[in-house]
Amino acid sequence: MIELINATLIDGISPTPAQHMTVAIDGNKISAIHESHATPSNIAATRSTPTNTDATRTTPTNTAATLSTQSDTDIIIDLKGKTIIPGLIDVHVHFGGADGFDRPGIGSRHETYDYLKSRTDALRHGITTVRSTGDYTPDILDYRDEVSSGKHISPRIVAAGKMIQARGGHPVSTVFGADPAIATGACVLVDENTDIVNEVRMLSDAGADWIKAFISEVNKLDYPKRVPRIPPETIKQIVETAHDCGKPCAIHVDNISHMREAALAGADCIEHVFSVGATDTEIDGDLLDLLVRSNIYVVPTVFSIKAHENPDGSMPLVYDKLLQQVNKLVRAGVCIGVGTDSNIPFVTLGESLHEEMAELVKCGMAPIDVVIAATSGNARLLRKDDVIGTIAPGYLADLVVVDGNPAADITATRNIELVISNGRIVYMQC
Ligand SMILES: [Zn+2]
């Protein structure tokens, strides 16, 4: 049993943080939430047994929080001045990717020591769930299952498996330099001979939680050259087949016209709004209405686009335009997902989610709404809002303790002192 006492609580749902709260964790679940009635020393005293005074057991450590242990399985942590938020969720990552150029592209679990860097970076930045939007398959699906069976200390994984893209198109033939290992290991390449219904069914049967496909025409490495894209009719078939299989569908877009196409095709989630090299960057009222009406999530990945904003001026600049367009989405009430596109170059898994949250505040979201979006909102996007994303009795015990109050200042989410994932303390600042 772990008890976190005297904390400010942002539960992932309420727009108002609650003060002086206790959150109790039993096993891997949150078992109770109530007001903290006593001071930390009182609580320590009342919990001590007559033969074992707490003066000897309570050991203020180097950690900012004060921690006392009653027994091996009974920990009380005083969080005065700290805030508990739900475990953060990043809904757009490439778990086997690399954020530098030393190992380009996406690696298999074997090349990445079972994704050691990604899982460590994620947890120490408070990320307890990720959606992989394209990784080596079946590696990522096997890993996901091993995480849920407790084999790895890792954020839990929701995975799309292979990315469906046009043969000769983005990203394999652009950013991955047509790497044959990535092409076969992490992608389904679509051309006129592809039986797309069968391909989507095979991915679903292999256990993919999502189906992810690309609408993309810009060659980001050789602008303004174009690359082949999946035709609109095939995009529709992909979405329909995913839905027939009971799987949601995410579509990568580079332009607003692609966004409209994805929305009309019935996609559940749109990745990026637009990206570097975009030529069509204005969202109109009709598209806003369509997005709101259809309850489609949009994952703007603002930070990744900022990180790739073209320094030599050979591509149109899009970052400022993106802030304006995301602001339109926010004001219209479109569901915003918080995702980063890590680990592509310059976008480090973990740190980048905090960057993205700050970018969303620049787009006009209130800090508390960004925290809600990155927790219960992302959980809803993943269709897991009955088990994660909220701090309430019965939910899985994924939570993060930060110094300060993210509802007042979003950068407080970076001051991480404690991370609990599935009921286990996985990070504690020392
Ligand atoms: Zn991506």
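Just one of the listed residues (372, 388) is in contact with a Leu (Cβ under 7 Å, 6 or more places away or on another chain), closer than 26 Å to residue 301 by Cβ and either crowded, with 19+ Cβ neighbours inside 10 Å or not hydrophobic (A, V, I, L, M, F, W, C) (or both), namely 388. Once the range 328-354 is narrowed to residues that are aliphatic (A, V, I, L, M) and assigned to a helix (DSSP H, G or I), the residue that is farthest from the ligand (Cβ to nearest atom) is 332. Residue selection: residue 91 satisfies the criterion of being of a type in the set (Val, Ile, Thr), at pLDDT 95 or above and within 16 Å of the ligand (Cβ to nearest atom).
In the range 109-208, counting only helices (runs of 4 or more DSSP H) that sit wholly within it, the ones holding 2 or more residues that are within 16 Å of the ligand (Cβ to nearest atom) and surrounded by 24 or more Cβ atoms within 10 Å (Cβ to Cβ) span 116-124.
Scanning the range 209-235 for residues that are surrounded by 16 or more Cβ atoms within 10 Å (Cβ to Cβ), of a type in the set (Lys, Arg) and over 17 Å from residue 137 (Cα atoms) gives 220, 229.
All told, residue 285 meets the bar of being small (Gly, Ala, Ser), over 27 Å from residue 158 (Cα atoms) and at pLDDT 95 or above. The residues listed here are 379, 392; of these, the one that is in contact (Cβ under 8 Å) with a residue 40 or more places away in the chain, part of a loop (DSSP other than H, G, I, E, B) and farther than 27 Å from residue 100 by Cα is 392.
The residue that is farthest from residue 387 (Cα to Cα), among those in the range 1-20 that are surrounded by 22 or more Cβ atoms within 10 Å (Cβ to Cβ) and touching an Asp or Glu at 6+ places or on another chain (Cβ under 6 Å), is 6. Beta carbons closer than 7 Å, at least 6 apart along the sequence or on distinct chains, never pair a first residue in the range 137-166 that is not assigned by TED's automatic domain parsing to the domain that holds residue 111 with a second that is of a type in the set (A, V, I, L, M, F, W, C).
The single condition among (1) more than 16 Å from the ligand (Cβ to nearest atom); (2) in contact with a His (Cβ under 7 Å, 6 or more places away or on another chain) that residue 325 does not satisfy is (2). Can you find even one residue in the range 242-264 that is over 30 Å from residue 195 (Cα atoms), touching a residue at least 12 places away in the same chain (Cβ under 8 Å) and either charged (D, E, K, R) or in a helix (DSSP H, G or I) (or both)? Checked against the condition, which is being over 30 Å from residue 195 (Cα atoms), touching a residue at least 12 places away in the same chain (Cβ under 8 Å) and either charged (D, E, K, R) or in a helix (DSSP H, G or I) (or both), the range 242-264 yields no hits at all. For the range 296-307, indicate whether the set of residues that are more than 23 Å from the chain's Cα centre (by Cα) and outside any helix (DSSP H, G or I) is non-empty. No, because not a single residue in the range 296-307 is more than 23 Å from the chain's Cα centre (by Cα) and outside any helix (DSSP H, G or I).
Return the only residue of 400, 361, 387 being part of a helix (DSSP H, G or I) and either β-branched (Val, Ile, Thr) or more than 15 Å from residue 127 (Cβ to Cβ) (or both).
Among 400, 361, 387, only 361 is part of a helix (DSSP H, G or I) and either β-branched (Val, Ile, Thr) or more than 15 Å from residue 127 (Cβ to Cβ) (or both).
The values are calculated or read from the model by the stated rules, or taken from the named source; none is laboratory data. Keep in mind it's a predicted model, so treat the numbers as computed, not measured. Quick reminder, even Gly has a Cβ in these numbers, built from the backbone with ideal geometry, and neighbours come from all protein chains shown.
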